[in-house]
Amino acid sequence: WVLVMRRVFERTIARASPDNLNGLLPDPTIIDIASLAGKLLTLNPRTTACQLTMAHSRLYVAIKMSDCLALKWTKPGQGLSVCAVLDQSQQITEWVVNEINLQSDDSTRNECIIACAKIAQECLNLHNLETCFAVVQGLRDQRINAHVLGLMPDSSAQECKKTYENVSKLMSPNHSFRDYRGHLHQLAPCVPYLTVYLSDLTFIEADQNTFSGGMIDIRQKTLN
C-alpha cells in the first residue's frame, strides 16, 4: 500500500504545483490571512481567491511523503508539512466566521456572507478545493449557519445559497466522499482537499493489521 500511496501522493502534488496553476491565476501574489482581518467587504473576490490559491498551492507541494505516514500529522511536532496546510485552512475558516460575527446589523452581515460565497465560488473556478471548502466550512459553522440559511431572497442571496449548497454537497463525506472524488477526476491541475487523503491514510493505518481467521479481511479494506 505504501507504493500505491506514493503514486497517489506524487500525482496529487503535481496537480497542485504553482507552475501548473499559473494559467488559472491572473494574480499570483501570495496573501497573509492575518492581513485580511476586518477587510472582507473591501476585497475583490477573484483577486482574493487567486492569492489564497497560490498560498495553499505552495504549502501543498511542500508536503513530504514521510509526513503522511504513520499518522504523523496527529502527533506533536511531527507531520509539519501536512499541518501547515491544515493550519492555513483553519485560519481561513476562522477568518470567515470572525468577519461575519463582527457585523452588528443583518444587512452588513448578509453582505459578508455573500462576499464569502463569491470567494468560495472563485476558488472552485480556480480548481482550488482546499480553500473553497475552508471558506464554506466557515459558513457552515454553527455560529454562522443560521444567518446563511436566513438570507433575504434577492438574486445575490440566491446565488450565494446555490454556491453554499453545491459546495456542501461536494464536500459531503457520504459514501467516502463519492461526489468529491468524482469531481476531482475532472480537474487538472488543482489544489485537492487534503482531508480526504488523510481520511484514507487513517483508514489504511487503522486496518492494515486487521485479520479474520488468519487472513486479511478484504471487506475491512474497502473504502465504502
Amide H within-cut-off set for Val191, under 5 Å, with H built and near neighbours excluded: Asn128, Leu129, Glu130
- prompt: In nm, to one decimal, how far is the modelled label at Leu41 from the one at Asn174, with both set 7 Å along Cα→Cβ?
  reply: 3.6 nm
message: Using a 1.4 angstrom probe on the protein heavy atoms only, could you order Asp179, Asp67 from most to least accessible area?
response: Asp179, Asp67
message: For Lys39, give me every one of the lysines with a C-alpha distance below 26 angstrom, ignoring sequence neighbours fewer than eight places off in its own chain.
response: Lys118, Lys161, Lys162
- request: Using a 1.4 angstrom probe on the protein heavy atoms only, line up Glu205, Glu111, Glu99 by accessible area, largest first.
  value: Glu111, Glu205, Glu99
Largest to smallest principal axis extent of the C-alpha atoms in the range 97-171, angstrom: 33, 25, 17
- prompt: Tell me, what is the 1.4 Å probe accessible area of Arg181, in Å² to the nearest 10?
  reply: 60 Å²
- line: Here the alpha-carbon Rg of the range 34-186 over 2.2 N^0.38 Å rounds to 1.08
- request: Compare Leu139, Leu41 by solvent-accessible area with a 1.4 Å probe and give them largest first, with all protein chains kept in place.
  value: Leu41, Leu139
Calculated over the range 68-125: convex hull of Cα atoms, volume per residue (Å³): 88 Å³
query: Once the range 31-75 is represented by equal point scatterers at the alpha-carbon sites, with solvent omitted, what log10 I(q)/I(0) does the Debye formula produce at q = 0.14, 0.16, 0.17, 0.18 Å⁻¹?
result: -0.50, -0.59, -0.63, -0.67
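The values are calculated or read from the model by the stated rules, or taken from the named source; none is laboratory data. As the structure is a computational prediction, the values presented were derived from the model and not from experiment. Note: ideal-geometry Cβ built from the backbone for every residue, glycine included; neighbour counts use all protein chains shown. SASA here: full protein model, heavy atoms, side chains in, ligands and nucleic acids out. Shrake-Rupley method; radii C 1.70, N 1.55, O 1.52, S 1.80 Å.
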